[in-house]
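Single-structure report; data block below.
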Amino acid sequence: MNFGIRLLCAVGMGLNICSPRETSRTSPTSHKLSIALALLACLGQAPGRAALTNTLETGFSNPPDQTKPWCYWYWISDNMSKDGITRDLEAMKRVGIGEALIGNIFLEGQPAGRVKVLSEEWWGLVEHAIREGSRIGVDIGMFNCPGWSQSGGPWIKPDQTMRYVAASEMRVAGPNKFSETLSAPAALFQDIAVLAFPAPQDDADSLAARSPRVTCTPAMPTAAKLVDGDLTTALTIATGPAKKRKPVTIDIEMASPLTARSLEIFPTDQSFGADAELLAEAEDGSFQPVRKFTCDRSNPALNTGFLPRGPVVISFPAVTSRHFRVVFSNFIGKAPKAELAEINLSGAARVESFIEKQLAKMHATPLPLWDAYLWPAQAEPDSSKLVVPVAEVKNLTEKAASNGTLTWDVPPGDWIIQRLVMTPTGMSNAPASPEGRGFEVDKMNRALAQTHFDAFIGQLLKRMPAPDRRAFKHVVADSYEMGSQNWTDGFGKTFRTQYGYDPLPWLPVLSGRIVGSADQSERFLWDLRRLIADHVAT
């Protein structure tokens with residue numbers, strides 16, 4: 001019989017050990033004792049009632065070591081000493097603490113001490129704590145890096161940290177002999193691939209190119225900033241506490257009709273979130289709803305995604321009109337004002353929520369609901385010309401030099417060239433003192449995780465002989481709040497092994513393009529997320 005099932009049966013036996021009539025006359029204490037007896041009977045132990053009562057009383061007065069509580073033991077802002085460590089441990093012993101978990105935390109506003117984390121003196125104090133724990137009778141655990149329980153430090157190099165796929169783009173027309181250096185998408189990077197694919201129909205379509213007339217209600221004299229094609233300019237659309245903001249209507253009128261298929265909302269660095277609705281003016285002058293959606297960029301912190309200013313993107317069946325309207329209401333966010341950098345309504349077909357689906361922007365809080373990463377199926381575009389054919393995505397990696405110079409005979413037509421790299425997400429361990437701070441280690445790479453372990457906990461194991469560290473019992477990793485990543489060393493090869501197809505021709509999906517079909521693009525993104533989750537877990 002399974003042990004868990006035995007316990008379940010034991011509880012059942014305990015609850016029914018008396019008849020209903022007897023139960024009404026039996027005291028709660030006696031009833032609980034009956035349950036305990038039944039549990040012990042199931043485990044092959046059936047002491048008498050008197051012996052059991054004595055055992056319970058003794059254990060309650062003098063709890064065995066395995067039942068003693070543990071506690072976090074924060075060493076704050078490098079303020080520590082041998083005497084303080086000993087006194088802390090002695091106090092823990094007096095009140096019955098069984099184990100203390102050391103966390104080196106640096107708090108702003110707290111005067112910094114002189115014992116700098118990772119210094120020889122600091123290592124000596126860690127050893128002292130473990131030896132004193134053994135002498136006094138309090139076990140010791142330790143966070144697996146400085147700061148809260150994360151996995152980073154100054155030993156992690158840019159090519160060992162959490163990374164994501166970034167791309168630079170350029171458009172070329174063929175036939176043509178191309179020989180230029182492709183720009184790097186980031187300052188720190190490792191090349192993944194150079195790809196080229198035919199530019200889909202309307203791919204470059206934008207409101208900025210159409211110079212529309214933009215008006216807002218309430219009135220805003222600089223509303224044109226929303227469609228100037230410049231993400232460095234911004235329009236404040238509301239001020240004051242989010243819950244007190246009134247709805248904002250943005251009208252976009254063009255000289256000639258636009259057949260729109262996608263809408264992008266670009267935030268600024270400010271927290272922004274609201275319910276939104278897109279409407280289009282019909283021939284009779286009425287406004288017909290196109291889509292309702294949520295625009296949530298209320299948490300711009302890196303630990304909710306490596307593209308905090310990634311656009312909110314929706315897709316919909318083609319709608320033609322000269323006059324579109326976007327309405328924002330029910331604002332959320334902690335910023336004192338609501339800002340937007342850009343609105344782009346386009347005829348291009350895009351993968352809806354492609355930023356979220358590649359994990360570039362995750363749920364705004366640590367408590368997502370069960371459906372936070374579920375999305376409805378997207379309709380297929382109304383023309384195959386809006387889609388990148390898989391077979392026409394060309395891998396030009398071997399034609400590119402290490403400095404990014406590409407030499408290629410461009411076929412006829414308009415082409416988009418992407419230089420794809422992996423670059424650090426920028427996450428570091430915190431709150432840690434400057435001496436202990438560095439990149440977070442790659443969570444999808446077992447060898448790099450081992451490198452991190454060896455650089456911190458491993459150093460402690462090297463410094464202390466095993467007999468001296470008997471009290472050192474645990475390494476603590478109590479939460480994961482370092483955001484996301486979506487690529488690592490050898491990830492393309494692992495992907496091919498796992499799923500039986502090459503992920504490289506599908507990487508344009510990460511820029512929002514539909515490759516193959518909307519369904520296939522969605523399935524690629526699902527495979528990507530599934531493999532990332534498996535890598536982090538294992």
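Checking each residue in the stretch 184-194 for being of a type in the set (S, T, N, Q) and open to solvent by 70 Å² or more (accessible area, probe 1.4 Å) picks out no residue at all. Only strands (runs of 3 or more DSSP E) whose full extent lies in the stretch 265-337 are considered here, and the ones with at least 3 residues that are buried (at least 22 other Cβ atoms within 10 Å of the Cβ) are 272-281, 312-332.
Of Thr239, Thr217, Thr181, all but one fail to be among the hydroxyl-bearing types (Ser, Thr, Tyr), more than 29 Å from Leu420 (Cα to Cα) and over 31 Å from the mean Cα position of the chain (by Cα); the exception is Thr217. Meeting the requirement of 1 or more residues that are among the basic types (Lys, Arg) and in contact (Cβ under 8 Å) with a residue 60 or more places away in the chain, the helices (runs of 4 or more DSSP H) wholly within the stretch 435-538 are 446-455, 457-463, 518-537. Determine which member of the set Leu406, Leu345, Leu359 is in contact (Cβ under 8 Å) with a residue 12 or more places away in the chain, surrounded by 21 or more Cβ atoms within 10 Å (Cβ to Cβ) and part of a strand (DSSP E or B). The conditions single out Leu345. Within the stretch 239-261, the set of residues being surrounded by fewer than 20 Cβ atoms within 10 Å (Cβ to Cβ) and not basic (Lys, Arg) comprises Thr239, Gly240, Pro241, Pro247, Thr249, Asp251, Glu253, Met254, Ala255, Ser256, Pro257, Thr259. Looking at Pro376, Pro381, just one residue is over 28 Å from the mean Cα position of the chain (by Cα), part of a loop (DSSP other than H, G, I, E, B) and under 23 Å from Glu264 (Cα atoms), and that residue is Pro381.
Among residues of the stretch 162-190 that are without any contact (Cβ under 8 Å) to a residue 60 or more places away in the chain and over 20 Å from Phe354 (Cβ atoms), none has a Cβ under 7 angstrom from a residue that is in a strand (DSSP E or B) and among the β-branched types (Val, Ile, Thr) at a sequence gap of 6+ or on a separate chain. Yes or no: Leu460 at pLDDT 95 or above and out of contact with any strand residue (DSSP E or B) (no Cβ under 6 Å at 6 or more places or on another chain)? In short, yes.
Residues are listed down the side, and each one gets a yes or a no for (1) open to solvent by 40 Å² or more (accessible area, probe 1.4 Å); (2) under 23 Å from Tyr74 (Cβ atoms):
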{"residue": "Pro431", "(1), (2)": "no, yes"}
{"residue": "Val441", "(1), (2)": "no, yes"}
{"residue": "Ser479", "(1), (2)": "yes, yes"}
{"residue": "Pro505", "(1), (2)": "no, no"}
{"residue": "Ile514", "(1), (2)": "no, no"}
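The values are calculated or read from the model by the stated rules, or taken from the named source; none is laboratory data. Bear in mind the structure is a predicted one, so any value in this text is a computation, not a measurement. Cβ sites come from the backbone with ideal geometry, for glycine too, and all protein chains shown count toward neighbours. All accessible areas refer to the heavy atoms of the entire protein, side chains included, with ligands and DNA or RNA removed. Shrake-Rupley method; radii C 1.70, N 1.55, O 1.52, S 1.80 Å.
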